[in-house]
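The values are calculated or read from the model by the stated rules, or taken from the named source; none is laboratory data. This one's a predicted model, so the numbers in the text were calculated from it and none came from an experiment. Glycine also receives a Cβ, built like all others from the backbone with ideal geometry; neighbour counts cover every protein chain displayed.
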Amino acid sequence: MTELLTSDEGQTALELARTAIEEYLGSGEVIKPEGVPGLPPVFRNNRGVFVTLNNRSGPRRELRGCIGRPYPVMPLGEAIVISAINAATEDPRFMPVTLNELENLEIEVTVLTTPHKLEARPEELPGKIEVGRHGLIVQKGPYSGLLLPQVAVENDFDTEEFLGQTCMKAGLFPDAWFESDTEVFAFEGQIFH
């Protein structure tokens with residue numbers, strides 16, 4: 001089982017993400033997590049992570065950027081820094097964040113468990129997924145899409161709609177999860193905001 005972060009470590013993750021964005025937008029510098037004094041040891045472990053930015057200046061929260069690394073390919077601290085900068089500047093759905101907007105952005109860091117393939121016949125897949133607990137990755141050939149666990153909850157998806165929406169995120173038809181060459185992976189996320 002992957003080690004959970006404490007609430008203090010979660011707060012540190014949020015501060016690291018905000019500092020990374022502020023520094024990058026202000027000076028173009030990418031901070032080095034290992035240079036942050038007192039960074040807990042868990043930030044040296046390879047973990048998957050997503051950083052989500054929401055604009056809270058209007059009547060409701062609006063997505064402003066979300067990028068991450070689903071697999072544990074780099075230390076958590078480094079993954080947070082890079083994902084935060086990418087969410088602010090490289091999400092193709094949005095214009096880059098400006099320094100002036102940063103004070104109106106809510107930052108959310110989701111630390112992931114390693115995705116595992118759901119071994120089941122297509123009609124059994126919905127029974128293997130727990131809304132609110134699992135995030136999904138759908139892969140078929142060169143197509144891949146990922147939705148974090150909180151997306152299903154925020155949009156009131158049931159498991160079949162969650163599967164369909166993840167397929168569409170991958171650029172596939174919503175029923176692509178029924179096809180034998182489509183792979184579905186599940187993971188869990190610890191959310192801090």
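In region 131-179, what residues are in a loop (DSSP other than H, G, I, E, B) and either of a type in the set (G, A, S) or farther than 25 Å from R60 by Cα (or both)?
If the condition is that a residue be in a loop (DSSP other than H, G, I, E, B) and either of a type in the set (G, A, S) or farther than 25 Å from R60 by Cα (or both), then G132, G141, P142, A170, G171, L172, F173, P174, D175, E179 are the ones that fit.
Only one of I107, I67 is within 23 Å of E188 (Cα to Cα), part of a strand (DSSP E or B) and in contact (Cβ under 8 Å) with a residue 40 or more places away in the chain. Can you tell me which? Walk me through it before giving the result.
Working: I67 fails: in contact (Cβ under 8 Å) with a residue 40 or more places away in the chain.
Among I107, I67, only I107 is within 23 Å of E188 (Cα to Cα), part of a strand (DSSP E or B) and in contact (Cβ under 8 Å) with a residue 40 or more places away in the chain.
Anything in region 46-72 that is surrounded by fewer than 17 Cβ atoms within 10 Å (Cβ to Cβ) and either under 28 Å from N155 (Cα atoms) or modelled with pLDDT under 95 (or both)? List them, or say none.
R56, S57, G58, P59, R60, R61, E62, L63, Y71
Return the pairs, sorted by first residue and then second, in which the second residue is acidic (D, E), the first residue lies in region 114-130 and is outside any loop (DSSP other than H, G, I, E, B), the beta carbons are less than 8 Å apart, and the residues are 6+ apart or on different chains.
K117/E183; P122/E179; P126/D158; P126/E160
Pairs, please: C-beta under 9 Å, at least 6 apart or cross-chain, first residue assigned by TED's automatic domain parsing to the domain that holds E106 and free of Cβ contacts under 8 Å to residues at least 12 places away in the same chain and in region 22-36, second surrounded by fewer than 15 Cβ atoms within 10 Å (Cβ to Cβ) and of a type outside the set (A, V, I, L, M)?
E23/E29
From the set of residues in region 151-177 that are within 18 Å of H116 (Cα to Cα) and of a type outside the set (S, T, Y), which is surrounded by the most Cβ atoms within 10 Å (Cβ to Cβ)? Quick ask: steps written out before the conclusion?
Pass one, region 151-177, residues within 18 Å of H116 (Cα to Cα): 159, 162-163, 166-167, 170, 177.
Keeping just the survivors that are of a type outside the set (S, T, Y) gives 162-163, 167, 170, 177.
Working: F162: 23, L163: 27, C167: 25, A170: 23, W177: 24.
Ranking the qualifying residues of region 151-177, first place goes to L163.
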